[in-house]
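The block underneath contains the structure these notes are about, expressed in structure tokens.
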Amino acid sequence: MPAILRYLGISLTALALALVQFPSVAQNAQPNAREKLATYTKPAIVRVVNGCFGFFPSFYQGPSGTDGIGDAYASYGVLGSGFFITPDGYIATYGIISDIDCEKELTQQLIGEGKKLVPFDSNRPDIKPKIEHVRNVILPSPNPESRQEPLEFKLPSDDSKNASIIKIELDKENAPSLKFGESEKVGLDDVTLVGYAVGAKDNKALKDTEAYEASVSDGRISNDSRKLADNSPAFEISASGSYYAGSPVLNEQGEVIGIITPTEKDKIRYVNEDEVADGQPSNASELALAIPAKAVQKLLTSRNIVNSQGEIDGWYRSGLELFWQGDYASAKEKFEVVKDLFPQHSEVDRLISESNKGRVNQFSKPNFAFWGAIAAAGAAVLGLIFALMRRKPKTARKSSGDVRPFSKPAQTGVSKTSSINAQAWIELEGRGEMIKLPLYKDTHRIGRDPAWSDVEMPASWEVLSRQHAILKREGDSYRIFDGDGKVASRNGLLVDDYDRVDTTVGHLLRPGDTIAIGKNPLEQVRITYFNAASGQASNETKMA
């Protein structure tokens, strides 16, 4: 008997080691510290534009030698970076000149270029400059319609004109924000620069969405005791990239210890979105100057603004940790909260989409080493049990005749994103393909947008909108709503192929209900609702 006990101990130890060695079926490779810092930080970075452009009446020589009047174009201003410092829309950025004399600056620029401007004539009110002042914060949102927001100036104090605090109004005051660190302890340390790189928006090879994505690079403080022209302290940074003024400088903990400063050469001829800059900012070199975070914190104190982070930052970080551990289902739930709190978040749509793909791979590509170890340890335990049974008296073995051998249940259709054994589910069928979606959350989403939908739809189901339907739990059943609950889908949800479900009242599903999407039978997708708790069984299905 002692030998058998030893055998049992060895077998159970092998099983435990297998579980410890392979804790997840599809665990991701952990990113390094710098990659994590970049992913945490980028959602808080914004573009800041402050300047003006205009058209001025100008003489030109026509073909016959006589002077004509045309329009001369000029622009003036600064294109920079900034970052949220509070969830309610306060932003730290470069030292903004809030009272630019646009007409003076643009006139001097055109005269310097040799343009002959038409003098103002009170008798010709139609011949006068047309000037527009641009003051915008451009969010890194993947949605072009929600990018530009007018900014409100919170002017710099008399002690520091190299940084400014501005504010934008947000529908939901849940912006991701960065924390300031102790710049007094800065030495010749390694740092990270996060912001908009010089030339990124000017590079026409980039997709428009990519041009609005912040860049990240390594740097090192090469001199920690520089002085700016106004005798204020600064430190010099050598970096692998070139960044616009206002970009934050981060320490190893991801805290802001400085802000890249603007110079005269930062005032480039690039304010209009459609114009390409003739020159480059001074920071196009690999050296940059940054004012310490302490100077910015002094501005905050003078305005009674408290640097803080909101609940969105906690949800986002916990979602990332789950994602990197391979727990895609839990990570996606966290990311969906982030998206609801701040729809303009730069990273969350991509992470939701990758979570969906990760869940598919998790169940379609099992880790054979893991299951092999489990099988080996399991076989050892079963062998031990068999040996113990053979040592029992015959009277004890009679009861074993009632034990049925374990048999694997038959496979049924499962969702592309989940293998949860839910009591309720829907089956979507169209164009010869079928998907089963278990219903186990309070809210489920259906659509062609993989970052929004709970299940990835076949490409051939073009009848679906990107955000086609929402299902919400109601008692033991679900109520289905058209569109995203506010905006209706293109082809709707049709009950009995006739009555259209609306976006507000919806339709309470009963077992066996079938709802059609679209009216053309060749393109139509049909949704059938099942609920085992109501005693209804599903027909045998198959996956596409």
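Tabulated data
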| quantity | calculated |
| --- | --- |
| Calculated FRET efficiency for the pair residue 123/residue 218, C-beta based, R₀ 56 Å, to 0.05 | 0.35 |
| Note, ³J(HN,Hα) from phi for the stretch 342-350, Karplus 6.51, -1.76, 1.60, rounded to Hz, x at Gly and Pro | 8, x, 7, 4, 6, 10, 6, 4, 5 |
| Cross-link pairs 332/472; 339/519; 36/332; 332/441; 172/294; 42/332 - those with Cα-Cα distance over 22 Å | 339/519; 172/294 |
| Nonlocal amide H pairs with residue 222, under 5 Å, H built at 1.01 Å | 236, 237, 238 |
| Proximal charge balance of residue 43 [Cβ under 13 Å; K/R count +1, D/E count -1] | 0 |
| Long-range amide H partners of residue 217 with built H, under 5 Å | 193 |
| Fully extended contour minus Cα-Cα distance, from residue 34 to residue 103, at 0.36 nm per residue | 20.3 nm |
| Cleavage-rule hits (trypsin sites (Lys or Arg not before Pro)) in the stretch 426-460: DSSP loop, at most 16 neighbouring Cβ within 10 angstrom | 431 |
| Contour minus Cα-Cα distance for residue 522 and residue 133 (0.36 nm per residue) | 134.7 nm |
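Only the coordinates and a few stated rules stand behind these numbers; no lab work does. All of these numbers come straight from a predicted model, not from anything done at the bench. Cβ atoms come from the backbone with ideal geometry, glycine included; neighbour counts cover every protein chain shown.
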